């Protein structure tokens, strides 16, 4: 089949009133950036859709790229001809011949974006079907249950005959909504939560809590590998991961406090540090992979106690998903296999035998009086390693080391 | 020697030079390299930029710093870059007749390319004619570029007033050439009224070859040197990290001493204004009330400026005719002409610019020699 175009439909974007122009521009730019390795592609933007002119590029390769672009409602292969009924009939016949439809049931469906066209949609369908039938033997028209639908789309820029529509990722163009900070643990859930938030146009940053020597370098690398998978859906293909050294805080909690509250207090500390990082980077949204009731720390009482330490909005895209649904998405975005690699994360090591499932806020506050919260947060902030991941597997690390800080301060 | 041309350039501060040398010798990694050494350079660069913004009281969340080679380059990139990026919105741009050549020439160039340009005049003190500005703005105006402190006579423009006037009538972006104002007279707070500004290292006791453009992140700008994509994609080429560190340090040192230096220079300035106005044949052009103290412009009426400067130069006293960047052209000084002076005065402008390094004795010698020169010259 000699398709020469891909038709890309924007979907929900067309509902967005005044912002539409900005959204579409951003989407088209994202498509172009994704496909920039295909030098001969050309692009044509019209109302509500984008046409990619293939110029000989393998469409399957382009499809793979389109499947990583948020904001696309659907896309189809297409062939173009001029807006006159004879050209349309000829092209339709050619498409049918190319498609090998012997003994198959087929129908013609016409959409007329260009109302100037002299025939109505129904008239076009009838004329084209009649022409195809009289020129191609062994083909049957069946408008109720066709095996093949010939879609004719008459636009002001030309008429396109398209194959069936393939669903895109949907959502909003990458980054259009602003920045959010994802708590990335290394498990199955958090990358999925990140992906679902990216879907609504949020540009991700990530924070990861490591507890060396209790957690290994490999565990950290696993998290970075997960981060790299999310880079595909970022507006610039990059993801910044803030790695916090959490060992001192965990030790302090472990040795000083009621063990059944360990996880709750630990998570409260994590959220405080996360909020601090968000504020420092002008980020106004936190994202977690919590799913209601999945584990002790994700009961409503636990969430209530933990949520209490921050005023930033927190989205929990997985809150109402079952584990099996989460795993489905994890497989789709290729994070599942990495997530299940068996490395200890900072929660599993210190987890008590009987974690409290219904913690009380009063108790949390009482226990925390024994800790110099501000001091621990400040010290943890100083350990942050800022790692920038990108699609080409580059990893750039900027570490806060006091030795360097002094040296640098001296120069200024 | 008696150097009275600090507006043209300044000696490098020894503390600044120390950092400059240390970075150049020991931390020469390319700020774009992936390895640790490069990352360190990047940290230095980022810290320099943070410090520059802090010194200007501009929040890091909204503003970005782009390092350039000179302020002239920064002005070019900014004015041309913004004009081209916002061309679709309108083709009217505004500047003033008193601008430095690095601004004025870009506007002339854009005018030749089809932009409509309004050149706003100045009043008797050399300050902007605000009514004229108000009348010039239309809904097609995309950029207004007006200097903060004039480099020839030292007059100060009120940036808050400019912002109010511009914002009331248009969405135009406001730029100010702040080369002569930052870290010298506590005028930095005024910069929060503009969208972008430009500064230069060698006017602030940092080395030559380092300039910076500061702009709101949200402002679009078409780059011209694109290779390499450095400086947020606005200026390709390996970034001069040592220069950035030096500029940031120079600004820090200057801003810590702004108040005492300003008071000291003001005292010298009083003396200078007083003595010059007492000299026969000398007309002081700088309006003391509306100008910075470190710049005093005057005319030796009826005498050839070049000969006066040469005569002083022979005595190792260095002053300037108008701005150093256009002192080789013979015509009248545009701003002095625009202030309403006749040609005898506007064609014989001499600029004395002083600093905290200047002494009263130096000024006394200068005034005596000037008196002598005026009497001796035909």
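Before moving on, here are some points about what is shown:
- Calculation over all alpha carbon pairs of the stretch A:196-253 in 10 angstrom steps from 0 returns a P(r) of 22, 43, 24, 11 percent.
- Antiparallel %, DSSP beta bridges [both residues in the stretch B:148-280], to 5: 60 percent
- Helix B:101-112 and the longest principal axis of the C-alpha atoms of chain B enclose an angle of approximately 70°.
- Under conditions of 25 °C and 0.890 mPa s, the stretch B:73-188 yields 174 µm² s⁻¹ as its translational diffusion coefficient, taking Rh as the Kirkwood radius over Cα pairs in the Stokes-Einstein equation.
- Each of A:366, B:132 was scored by other Cβ atoms within 10 Å of its Cβ. Arranged with the fewest first, they read A:366, B:132.
- When DSSP beta bridges are restricted to pairs lying wholly in the protein assembly as shown, around 60% turn out antiparallel.
- With contacts taken as Cα pairs under 8 Å at a separation of at least 6 residues, the stretch A:218-343 carries a relative contact order of 27 percent.
- At q = 0.13, 0.16, 0.28 Å⁻¹, base-10 log of I(q)/I(0) for the stretch A:129-172 (Debye sum, equal scatterers on each alpha carbon): -0.46, -0.65, -1.10
- Taking the alpha carbon gyration tensor of the stretch B:121-173, multiplying each eigenvalue by 5 and rooting it gives semi-axes of 21, 11, 9 Å, largest first.
- Built from the Cα atoms of the stretch A:249-332, the convex hull projects on average onto 6.6 nm², one quarter of its surface area.
- Placing a label point 7 Å from the Cα of residue B:113 along the Cα-to-Cβ direction, the residues of the stretch B:220-246 whose backbone N falls under 17 Å from that point are B:220-227, B:234-236.
- Computed from Cα atoms, the angle from the helix B:360-376 axis to the main principal axis of chain B rounds to 50 degrees.
- Separation in nanometres of the label points that stand 7 Å from Cα toward Cβ, at residue B:307 and residue B:160: 4.9 nm
- The mean sequence separation of alpha-carbon pairs under 8 Å and at least six residues apart, normalised by the residue count of chain A, gives a relative contact order of 15 percent.
- Protection proxy ranking, peptides B:346-355, B:58-67, average beta carbon neighbours within 10 Å, highest first: B:346-355, B:58-67
- Among A:205, A:242, A:255, the largest mean-square fluctuation in a Gaussian network model of chain A (Cα springs under 10 Å) belongs to A:255.
- For chain A, the longest principal axis of the C-alpha atoms and the axis of helix A:323-332 are separated by about 60°.
- Length added when fully stretched, residue A:141-residue A:86, from 0.36 nm per residue minus Cα-Cα: 17.8 nm
- Convex hull of alpha carbon positions in the stretch B:23-139: directionally averaged projected area 10.7 nm².
- Residues considered: B:79, B:309, B:335. Largest GNM mean-square fluctuation over chain B, using C-alpha springs under 10 Å, is found at B:309.
- Under the shape rule built on the C-alpha gyration tensor, where the axes satisfy a ≥ b ≥ c, the protein assembly as shown is oblate, since a/c reaches at least 1.5 while a/b does not exceed b/c.
- Efficiency of FRET between residue A:61 and residue A:390 - r from beta-carbon atoms, R0 30 angstrom, step 0.05: 0.90
- Rg over Rh [alpha-carbon atoms, Kirkwood Rh] for the stretch B:232-378: 1.05
- Three-way shape label, chain B, alpha-carbon gyration tensor, a/c 1.5: oblate
- For chain A, DSSP calls about 60 percent of its internal beta bridges antiparallel.
- Placing R0 at 45 angstrom, the Cβ-Cβ distance between residue A:340 and residue B:54 gives a FRET efficiency of 0.45 after rounding to 0.05.
- Zone residues, the stretch A:220-257, relative to residue A:363, backbone N less than 19 Å from point 7 Å out along Cα-to-Cβ: A:253-257
- Mean Cα-pair separation over length for chain B, i.e. relative contact order, pairs under 8 Å, 6 or more apart, %: 23 percent
- Counting Cβ atoms of other protein chains within 10 Å of each residue's Cβ and taking the mean over peptide B:44-52 gives 2.
- Counting Cβ atoms of other protein chains within 10 Å of each Cβ in A:329-341 and taking the mean gives 0.
- Cα gyration tensor shape of the stretch B:186-240, rounded if a/c is under 1.5, else prolate or oblate by comparing a/b with b/c: oblate
- Across B:23, B:122, B:182, mean-square fluctuation computed from a Gaussian network of chain B (C-alpha pairs under 10 Å connected) peaks at B:23.
- The stretch A:138-168 and the stretch B:56-99 have Cα centres lying 52 Å from one another.
- Over the C-alpha atoms of the stretch A:166-240, the Rg to Rh ratio, Rh being the Kirkwood estimate, stands at 1.03.
- Over chain A, the hull volume per residue, using the convex hull of the C-alpha atoms, is 183 Å³.
- Compactness relative to 2.2 N^0.38 Å, alpha carbon Rg of the stretch A:1-116: 1.18
- Here the gap between residue B:222 and residue B:271, fully extended at 0.36 nm per residue and compared with their Cα-Cα distance, gives a gain of 12.9 nm.
Read-outs throughout are calculated quantities, based only on the coordinates presented, and are distinct from any laboratory measurement. What you are looking at is a predicted structure, and each value in this text was computed from that prediction instead of being measured. Ideal geometry is used to build each Cβ from the backbone, glycine not excepted, and the neighbour counts take in all protein chains shown.
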